[in-house]
Amino acid sequence: NIYNNRSKTYSHFSEFSDDKKFPTMVAFHQNLFLACVLSAIGSCISVLAIVALAYPEFRKSKHNVKYQPTTEKMFFLLNIICQIVSGLTSTVASWFGPVSIVVPINVAAQLLSNMFFFGILGIEKFPKGTRIGTYFVATASLLLPYVGPTVQDQNVIELITQPSALIWTSLLLAATVLSGYFCLVWVNEKQKTGVVKNKYKAPILLIARVCASVLSTTASKALPGVSGIAFFLSFILFLALAILIFFVAILQATEVDQGSFVPFSSCGNIVLNAITGLIIWQDYLVIQSSVCYSIVMIQILMGVYLISSIDVLSSSADQSYALSQSVKILVAKDIADQRGKYLASFAGGSIPIMLANSNIEEEDEEEDDEDNRSHSRSVMFDNKMLFYSQKNARLNGSVSNQPSSVINGSEYGSIVS
């Protein structure tokens with residue numbers, strides 16, 4: 001099914017339903033297999049560009065390795081070369097197939113190569129969950145050519161001038177310009193101070209990377225389908241976005257954690273390109289299976305969630321448990337201070353026993369100290385036995401009446417609250 005539309009062609013004069021002819025830049029056959037291969041190669045080279053800057057930075061920070069200025073310039077030059085080759089390869093890939101297919105393949109290859117290169121060089125260690133999530137995203141992305149949109153001949157001018165397309169493009173441009181401004185300021189700051197101190201740099205870099213990549217893919221796909229002033233504007237937009245992506249990649253390599261930034265940027269890139277394909281490129285007309293396409297996209301998002309270190313439910317539970325334990329410790333410490341050091345010594349740091357013994361009645365202060373301590377130990381021992389008896393009774397499904405010397409449930413809940 002992947003190759004059913006291989007005969008689709010962008011010609012110099014593409015014909016549409018109204019029998020009008022529209023000049024285009026080049027003529028070539030649509031080939032989804034070639035688009036996927038070029039996309040995967042481009043993403044691997046893109047990761048190499050990041051590694052060219054991240055690896056020497058890692059060596060300097062972790063192993064105190066000092067590089068000569070000439071060596072640092074060579075790493076920087078390698079980064080530029082890899083980014084240029086990667087950009088050209090990814091651009092050509094978008095000419096041969098839908099962006100909603102090309103981009104997920106690009107992202108899957110990027111995640112795999114990112115895990116491979118950063119892992120083998122020792123820059124980052126990827127746990128089992130991250131590795132499984134990466135494989136999950138990669139395998140789900142490989143299903144997209146079988147269930148997602150196929151190739152189609154299109155009139156680019158008519159598509160990008162639709163109201164919905166104009167609104168969506170304007171939103172992406174606004175987000176790109178705003179976040180791009182901060183990125184350019186941070187590049188200058190990094191050259192002067194060596195580090196970017198803004199605490200919001202990670203999300204802003206993420207917005208710049210994702211939005212610029214989506215617009216760049218759309219602009220590159222439009223190039224072979226337009227001419228004249230439209231081609232000139234698309235080409236200028238593509239170059240400006242390529243420059244912005246270049247600076248974002250420099251900041252990304254040294255200012256953020258790759259293990260979390262790459263999965264989130266990949267997720268955003270896939271989702272926004274899928275939306276762009278539906279709004280601008282009308283992929284909904286040629287989707288092979290809408291249900292399967294939606295399920296595969298959900299699987300990709302689940303894989304990215306598995307890769308990330310965020311776990312909302314687990315984090316909330318851990319915080320609640322930590323808070324309750326902190327309150328118990330404070331209450332037990334207060335009880336121990338009020339009842340005397342012998343209580344803390346007898347309890348041996350056991351918080352439930354301290355709480356259970358908190359209602360021991362005070363003895364007459366005029367009694368002999370030795371008798372008082374002996375009696376208190378006897379009462380505490382009885383309460384300790386009752387505490388564990390009550391605990392066993394609860395486990396067996398029955399709760400016995402609590403004596404007044406043992407703190408009851410309502411009082412315990414009140415204290416913890």
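Quick notes
- Of the residues in the range 113-132, at least one is under 16 Å from Ser39 (Cβ atoms) and part of a helix (DSSP H, G or I).
- Scanning the range 58-105 for residues that are crowded, with 23+ Cβ neighbours inside 10 Å, more than 25 Å from the chain's Cα centre (by Cα) and part of a helix (DSSP H, G or I) turns up just one, Ala93.
- Cβ-Cβ distances below 9 Å connect the following pairs, each with a first residue in the range 65-81 that is more than 12 Å from Leu48 (Cα to Cα), a second residue that is among the charged types (D, E, K, R) and part of a helix (DSSP H, G or I), and a separation of six or more residues or different chains: Val65/Arg59; Lys66/Lys60; Tyr67/Arg59; Tyr67/Lys60.
- Count of residues meeting criterion [in contact (Cβ under 8 Å) with a residue 60 or more places away in the chain, on the phi < 0 side of the Ramachandran plot and of a type in the set (S, T, N, Q)] in the range 251-303: 10
- Yes/no for Val210 being open to solvent by less than 30 Å² (accessible area, probe 1.4 Å) and outside any helix (DSSP H, G or I): no
- Phe33 of a type in the set (Phe, Trp, Tyr), farther than 19 Å from Ile250 by Cβ, surrounded by fewer than 16 Cβ atoms within 10 Å (Cβ to Cβ) and free of Cβ contacts under 8 Å to residues at least 12 places away in the same chain: no
- Taking the criterion of being modelled with pLDDT under 90, in contact with a helix residue (DSSP H, G or I) (Cβ under 6 Å, 6 or more places away or on another chain) and either farther than 26 Å from Ser170 by Cα or of a type outside the set (Val, Ile, Thr) (or both), the residues of the range 265-282 that qualify are Ser265, Ser266, Cys267, Gly268, Asn269.
- Residues that are of a type in the set (A, V, I, L, M, F, W, C) and open to solvent by less than 60 Å² (accessible area, probe 1.4 Å), drawn from the range 175-194: Ala175, Cys183, Trp186, Val187
- Index of the failed condition, Asp257 passing every other in (1) farther than 15 Å from Ile204 by Cα; (2) modelled with pLDDT under 90: (1)
- Looking across the range 184-207, just one residue is in contact (Cβ under 8 Å) with a residue 12 or more places away in the chain, in contact with a Lys or Arg (Cβ under 9 Å, 6 or more places away or on another chain) and assigned to a helix (DSSP H, G or I), and that is Trp186.
The values are calculated or read from the model by the stated rules, or taken from the named source; none is laboratory data. This one's a predicted model, so the numbers in the text were calculated from it and none came from an experiment. When we count neighbours, we look across all protein chains shown, and the Cβ atoms used for this are built from the backbone with ideal geometry, even at glycine. The area values use the complete protein model at the heavy-atom level, side chains included, leaving out ligands, DNA and RNA. Shrake-Rupley method; radii C 1.70, N 1.55, O 1.52, S 1.80 Å.
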